[in-house]
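Input: a single structure, listed below in structure tokens.
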């Protein structure tokens, strides 16, 4: 039987009084009521992102606290499951849980594939300042009104076989109707698993998250993309990360 509740795992060090909070959500399937497992490939792809953000933000201090509390979400079940929208419900639960633990802290959401769809859908929650969808599974039914006032980053590989880069581009266009801080990157040479250019994906996410939480200055490449009109700002070729 599926676990009765979703599950949160702390990435890296624990920060009882953080300056900011990050939630990382993994992918899944369109339809499945099988329990989500920690050893599943979809879940295992996301700890490197979470650990990189937590490690890079350890010295971040504000009047609210220090460090960035970073958590991985494991869903109750593996599927989105149509109108049940199980992954979205679990992300919404996780955001409530984390804002209860750390009231007043800014929250950034990061999700891959189905998790990208879920975090974009949950971005309207109080406290959320930014959201990042990696190879997100989207279509023209996904709403954008909840993105108002949020910073939005989307990235998609050009060798994608599981989700549709054209759909994430169309979504980004619609998102720009409600917020003026939307950027989308094309990751040339990589596909859904984000493995060929893993360091570049991770660097992009870290720069975005740290900039939106104020742990570092906002990244100029991302900021420039947000100011560029479409299609330029929504089809930015992701450059290799500095080694």
When residues of the stretch 59-83 are filtered for being outside any strand (DSSP E or B) and closer than 15 Å to residue 13 by Cα, how many remain?
3
Can you tell me which residue within the stretch 23-48, out of those that are touching a helix residue (DSSP H, G or I) at 6+ places or on another chain (Cβ under 9 Å) and part of a helix (DSSP H, G or I), is surrounded by the most Cβ atoms within 10 Å (Cβ to Cβ)?
42
Residue under question is residue 110, and the condition is that it be in contact with a strand residue (DSSP E or B) (Cβ under 6 Å, 6 or more places away or on another chain) and at pLDDT 95 or above; does it hold?
yes
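Per-residue answers, yes or no, for (1) farther than 27 Å from residue 175 by Cβ; (2) in contact with a helix residue (DSSP H, G or I) (Cβ under 7 Å, 6 or more places away or on another chain); (3) part of a helix (DSSP H, G or I):
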{"position": "13", "(1), (2), (3)": "yes, yes, no"}
{"position": "21", "(1), (2), (3)": "no, yes, no"}
{"position": "50", "(1), (2), (3)": "no, no, yes"}
{"position": "87", "(1), (2), (3)": "no, yes, yes"}
{"position": "99", "(1), (2), (3)": "no, no, yes"}
{"position": "110", "(1), (2), (3)": "no, yes, no"}
Where residues in the stretch 204-218 are out of contact with any strand residue (DSSP E or B) (no Cβ under 9 Å at 6 or more places or on another chain) and crowded, with 20+ Cβ neighbours inside 10 Å, which of them is farthest from residue 46 (Cα to Cα)?
207
So for the stretch 178-201 (the condition being surrounded by fewer than 22 Cβ atoms within 10 Å (Cβ to Cβ), touching a residue at least 60 places away in the same chain (Cβ under 8 Å), within 16 Å of residue 132 (Cβ to Cβ) and in contact with a helix residue (DSSP H, G or I) (Cβ under 6 Å, 6 or more places away or on another chain)), does at least one residue qualify?
no
Out of curiosity, is residue 61 at pLDDT below 95 and surrounded by fewer than 23 Cβ atoms within 10 Å (Cβ to Cβ)?
no
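Examine the stretch 211-222 for a residue that is in a loop (DSSP other than H, G, I, E, B), over 28 Å from residue 60 (Cβ atoms) and touching a residue at least 60 places away in the same chain (Cβ under 8 Å), and state whether such a residue exists.
Step one: filter the stretch 211-222 for residues in a loop (DSSP other than H, G, I, E, B), giving 214-219.
Remaining after also requiring over 28 Å from residue 60 (Cβ atoms): none.
Within the stretch 211-222 (the criterion being in a loop (DSSP other than H, G, I, E, B), over 28 Å from residue 60 (Cβ atoms) and touching a residue at least 60 places away in the same chain (Cβ under 8 Å)), the answer is no, since none of the residues qualifies.
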Go through (1) free of Cβ contacts under 8 Å to residues at least 60 places away in the same chain; (2) part of a loop (DSSP other than H, G, I, E, B) and name the single condition residue 105 misses.
(1)
Would you mind stating whether residue 158 is surrounded by fewer than 17 Cβ atoms within 10 Å (Cβ to Cβ), under 20 Å from residue 125 (Cα atoms) and either out of contact with any strand residue (DSSP E or B) (no Cβ under 7 Å at 6 or more places or on another chain) or touching a residue at least 24 places away in the same chain (Cβ under 8 Å) (or both)?
no
Working only within the stretch 228-243, note down all residues that are in a helix (DSSP H, G or I) and in contact with a strand residue (DSSP E or B) (Cβ under 9 Å, 6 or more places away or on another chain).
233, 234
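Filter the stretch 107-146 down to residues that are under 23 Å from residue 214 (Cβ atoms) and more than 13 Å from the chain's Cα centre (by Cα), then give me how many there are. Show your work before the answer.
Going through the stretch 107-146, the residues under 23 Å from residue 214 (Cβ atoms) turn out to be 107-111, 119-120, 122-134, 146.
Among the residues that remain, those that are also more than 13 Å from the chain's Cα centre (by Cα) are: 124-127, 146.
Result for the stretch 107-146: 5.
The values are calculated or read from the model by the stated rules, or taken from the named source; none is laboratory data. Just so we're clear, the structure is a prediction, and the values are computed from it rather than from any experiment. Virtual Cβ from ideal backbone geometry, glycine too; neighbours counted across all protein chains shown.
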